[in-house]
1. Looking at 133, 141, can you tell me which residue is within 16 Å of ligand 1 (Cβ to nearest atom), in contact with a strand residue (DSSP E or B) (Cβ under 8 Å, 6 or more places away or on another chain) and under 24 Å from residue 232 (Cα atoms)?
2. Where residues in region 205-229 are within 15 Å of ligand 2 (Cβ to nearest atom) and part of a loop (DSSP other than H, G, I, E, B), which of them is surrounded by the most Cβ atoms within 10 Å (Cβ to Cβ)?
3. Which condition number in (1) crowded, with 18+ Cβ neighbours inside 10 Å; (2) under 26 Å from residue 101 (Cα atoms) is the one that residue 177 fails?
4. Return a yes/no flag: does region 191-202 have any residue that is buried (at least 20 other Cβ atoms within 10 Å of the Cβ), away from ligand 2 (no atom under 15 Å from the Cβ), in contact (Cβ under 8 Å) with a residue 40 or more places away in the chain and over 15 Å from the mean Cα position of the chain (by Cα).
5. When the residues of region 255-271 are filtered to those that are surrounded by fewer than 16 Cβ atoms within 10 Å (Cβ to Cβ) and either without any contact (Cβ under 8 Å) to a residue 24 or more places away in the chain or not in a helix (DSSP H, G or I) (or both), which remaining residue is nearest to the chain's Cα centre (by Cα)?
6. Mind telling me which of the residues 218, 213, 263, 239 ends up being modelled with pLDDT of 95 or more and at positive phi?
7. Could we say that residue 168 is under 15 Å from residue 15 (Cα atoms), within 16 Å of ligand 1 (Cβ to nearest atom) and crowded, with 18+ Cβ neighbours inside 10 Å here?
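The values are calculated or read from the model by the stated rules, or taken from the named source; none is laboratory data. Being a predicted model, the structure only gives us computed values, none of them experimental. FYI the Cβ positions are ideal-geometry reconstructions off the backbone, even for glycines, and counts take in every protein chain you see.
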Ligand code: UDP
Ligand code: MN
């Protein structure tokens, strides 16, 4: 296809939950996410946007979970852009002081999220990072306008100034995609938190979703008063990943990691039985 997206089957809905997978580790995350979305009883498509680096063996379990698979490639960004957003360069220029990123996280790959604006076969798309879990049905978001996202809250009130790009509502449009590419890769461009910084700049008047639509795992220990299991729609494992054997915060986050493992094993968790922070 000229637009560079290739699907394994037709759509079944005008709406889709879409995640992105560019390597084996995020395929692990996507499997748990796909299962969690299915448990909410949605009629929307569940789509995995993946790049050529992801093998058939990794895709088969995702297809078995009912995902529509859409193959793509990273964006055709310039060498200068790719250098500036390489892992070592980015971490050097804009270090992560608040938490750790696993070694399998490649910052440049994040920008491939923008490809979902090419998916004009859908009227609305809700994007979800592969390190999220849907705990409650979110279908009402398909009636929301572009662009909706929750604030990047996990430490203090100042966090409300920034959005988090792990969950957002978008309206696919070729024109929007083209405008994004034109703005993204300008000479000297440096988006310190990659797609997140870019999307906030592209949609400066973003509509704020309640934090419950993107509850960041650090809230568990940093802002426990905000935690209410009965209200959380999407749980997001920002920074350290629950499937990573090396997780310096594993003890602090054990309740959340154990929950992720239930979903990853294809189980049905008892959300009402979870303890408060
Ligand atoms: N992603 C990916 N491969 C990468 C980096 C990111 O597939 O090397 C995708 C994946 O869906 C991931 C999302 O982009 O969940 C954003 O990255 P991540 O969740 O690691 O960032 P964080 O939420 O920790 O800021
Ligand atoms: Mn994430």
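1. The unique qualifying residue is 133.
2. In this case the residue turns out to be 217.
3. The one condition residue 177 does not meet is (2).
4. yes
5. In this case the residue turns out to be 261.
6. 239
7. yes
Every residue, every condition in (1) surrounded by 17 or more Cβ atoms within 10 Å (Cβ to Cβ); (2) farther than 24 Å from residue 247 by Cα; (3) out of contact with any strand residue (DSSP E or B) (no Cβ under 9 Å at 6 or more places or on another chain); (4) touching a residue at least 24 places away in the same chain (Cβ under 8 Å), yes or no:
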| residue | (1), (2), (3), (4) |
| --- | --- |
| 21 | yes, no, no, yes |
| 41 | no, yes, yes, yes |
| 44 | yes, yes, no, yes |
| 66 | no, yes, no, yes |
| 70 | yes, yes, no, yes |
| 101 | no, no, yes, yes |
| 111 | yes, yes, yes, yes |
